[in-house]
1. Would segment 77-92 turn up any residue that is of a type in the set (F, W, Y), assigned to a helix (DSSP H, G or I) and modelled with pLDDT of 80 or more?
2. Consider F61 carefully, then state whether it is outside any loop (DSSP other than H, G, I, E, B) and either within 10 Å of the chain's Cα centre (by Cα) or in contact (Cβ under 8 Å) with a residue 24 or more places away in the chain (or both).
Amino acid sequence: MMAEDDRSRSGEIAALRLGHDLGLTVIDTAKMYGEGEAETAAGFEALAAAGKIRRRGVGNFDVEDLEELGEETDLTRCAANQALYDPTRRGIEFDLMPFRQRIGAPLMACSPIGQGRLPHAPRSI
């Protein structure tokens, strides 16, 4: 029996293939979210090798997820890791940022202005 998460990841790969089947010549950047699954990483690698996607990215991967993914793929070919980072949530400065700098891969802030939760932020009129 396939777990819900596995079905979701298989669905992501199927969606990429469907986009190509619908006439897209190439998908510029495909991103997977969550934990680093070997099957999903292998699917992304296969799609890239076939020229169906140009770049692969990830979202919300922590250091452990990236290390796991690094066992399946070359992390330097990862376009970016989009991670939650704003003035009120700076935890990635202590582990994820140094790790990404060490391997030479980009990191992209998600929610850089704190989804409106910045202290003393002026209210909209």
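1. No, there is no match, as no residue in segment 77-92 is of a type in the set (F, W, Y), assigned to a helix (DSSP H, G or I) and modelled with pLDDT of 80 or more.
2. no
Residues checked against (1) within 19 Å of L107 (Cβ to Cβ); (2) buried (at least 18 other Cβ atoms within 10 Å of the Cβ):
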{"position": "Y33", "(1), (2)": "yes, no"}
{"position": "A42", "(1), (2)": "no, no"}
{"position": "A46", "(1), (2)": "no, no"}
{"position": "A50", "(1), (2)": "no, no"}
{"position": "D62", "(1), (2)": "yes, no"}
{"position": "L69", "(1), (2)": "yes, yes"}
{"position": "T88", "(1), (2)": "yes, no"}
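The values are calculated or read from the model by the stated rules, or taken from the named source; none is laboratory data. From a predicted model like this one, the values you see are computed outputs, not experimental measurements. Backbone-built Cβ (ideal geometry, glycine too); neighbour counts: all protein chains shown.
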